[in-house]
Amino acid sequence: DGAPSDGNGGVFPVDKESKVILKGMRYVELEEWVRSHGFRPDQALMLWKLLYGNGIWAHSVDELKGLNKDLKRMLEEHASFQSLSLKDIKTASDGTRKILFTLEDGLVIETVVIPFQKERSRTTVCVSSQVGCAMNCQFCFTGRMGLTRHLTAAEIVDQAVYAQRLLSNEVGTIKNVVFMGMGEPLQNIDNVLKATDIMVHDQGLHFSPRKVTVSTSGLVPQLKRYLHESSCALAVSLNATTDEVRNWIMPINRKYNLNMLLETLREELRHKHKYKVLFEYVMLAGINDSIEDAKRLIDLVRGIPCKINLLSFNPHSGSQFRPTSTEKMMEFRDVLAEAGCVVLLRLSRGDDSMAACGQLGKPGDIQAPI
Ligand code: SF4
């Protein structure tokens, strides 16, 4: 976030018109800013609740019902409410929604909402944390774009607010947030930590920290910091059982290899009570899906409190990889389960709108807009 002073000693994120970006502030910052303009803390709390609380999600001064008139006038003059503009929403045949947003500088990002009809409490929003990504994972569409820039905390928070506002009537209140859209969240850790703090605040969006999951390709130092500073959940995209394969499909492994990554988790999670990391494992035919891989995986995660998600790969144009058959995925799962691992099979959703993990960023050839 840009962060010049407001002239009252505080440092707050501002937009290019020097208006303070409300959604880029943690509650304590918002309170400080509101106080610096001569208003009371309880008025700051009311504003916070109007921005994030209980089905309101205000996007403009006009929507701040019941707020003190002078405070409203001050906000009109000095505050900006939105960081994103809605560009489009596409719906895949399974109900997955892909929302496209334009940022202030004209760049476009994507947010995905995954509804679960039978179990509405599982409805999930998948947010982006960067425009593009620098990690260059070989199976990932976003990885091909390279990194353009980090998203600000406000741009991340606003994705969740917009998703609620636009879709909660149709899909139910969204209870889960996953940082699995465009970007490597931990490369943008300051803004991601701020965004997650805002998301879990109990007077605001009030997501349960257990239901906000930040996913990483394995940036070890940032991962340590995240585990120290955040109470939210962590997912690690593992995808290989040997350094040879992981070096190839996830180049970050050349810097932080499997041993460093898993030893760090083993060590750090020793101090975290009842905390489980989620390992994601995208299955690629002939690359990482053999029974030997399953056996190695059991050894690799030994001593780490974890769950393992086996994900089917969604091929995209020009991809050199093919998905593992469902039958083979089940065999792989059974080997892990028999060894006592908590393992889930996730057959992909949203393929026809390219709204599946690692596929964001494909230019607009999506069918069936709503
Ligand atoms: Fe980046 Fe994630 Fe894609 Fe890897 S899988 S290139 S970390 S967006």
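Just so it is clear, none of the values below were taken in a lab; they were calculated from the coordinates. Keep in mind that this is a model prediction, so the values were computed, not measured. In this analysis, Cβ positions are derived from the backbone assuming ideal geometry, glycine residues included, and neighbour counts consider all displayed protein chains.
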Query - Charged-residue dipole, Cβ positions (Lys, Arg, Asp, Glu), the chain about Cα centre, Debye nearest 20 - result: 640 debye
Query - Tilt relative to the chain, helix 220-229 - C-alpha long axis, 0 to 90 degrees, to 10 - result: 50 degrees
Query - Proximal lysines to Lys69, defined as alpha-carbon separation beneath 18 angstrom and excluding residues fewer than eight positions away on the same chain - result: Lys49
Report summary line: FRET efficiency (Arg266, Leu107; Cβ distance; R0 45 Å; to 0.05) is 0.70
Query - Relative contact order of the chain, defined on C-alpha pairs under 8 angstrom at six or more residues apart (%) - result: 15 percent
Query raised in the report: Rounded if a/c is under 1.5, else prolate if a/b beats b/c, else oblate: with a ≥ b ≥ c from the C-alpha gyration tensor eigenvalues square-rooted, which is segment 234-346?
Result: oblate
Query - Reachable aspartates and glutamates from Lys307, criterion Cα separation under 15 angstrom, eight or more residues apart if same chain - result: Glu280, Asp299, Asp334, Glu338
Query raised in the report: In whole angstrom, how far apart do the alpha carbon centroids of segment 45-109 and segment 222-284 sit?
Result: 34 Å
Query raised in the report: Can you list the HN-Hα couplings for segment 131-136, worked out from phi with the Karplus curve (6.51, -1.76, 1.60; θ = phi - 60°), rounded to whole Hz and with x for Gly and Pro?
Result: 8, x, 7, 8, 7, 6
Query raised in the report: Leu86 to Glu327: extension gain in nm, 0.36 nm per residue of separation minus the Cα-Cα distance?
Result: 82.7 nm
Query raised in the report: With each label point set 7 Å from Cα along the Cα-Cβ vector, what nm distance links Ser18 and Asn259?
Result: 5.6 nm
Report summary line: Taking a straight Cα-to-Cα line shorter than 19 Å from Lys328, and setting aside same-chain lysines fewer than 8 residues away, one finds Lys295
Report summary line: Once Arg73 and His228 are pulled to full extension, the length gained, defined as 0.36 nm per residue separation minus their Cα-Cα distance, is 51.8 nm
Query raised in the report: Quick one: if the Förster radius is 25 Å, what FRET efficiency do Leu345 and Gln138 give, using the C-beta to C-beta distance and rounding to 0.05?
Result: 0.65
Query raised in the report: In nm, to one decimal, how far is the Glu338 label point from the Asp202 one, both placed 7 Å along Cα→Cβ?
Result: 4.7 nm
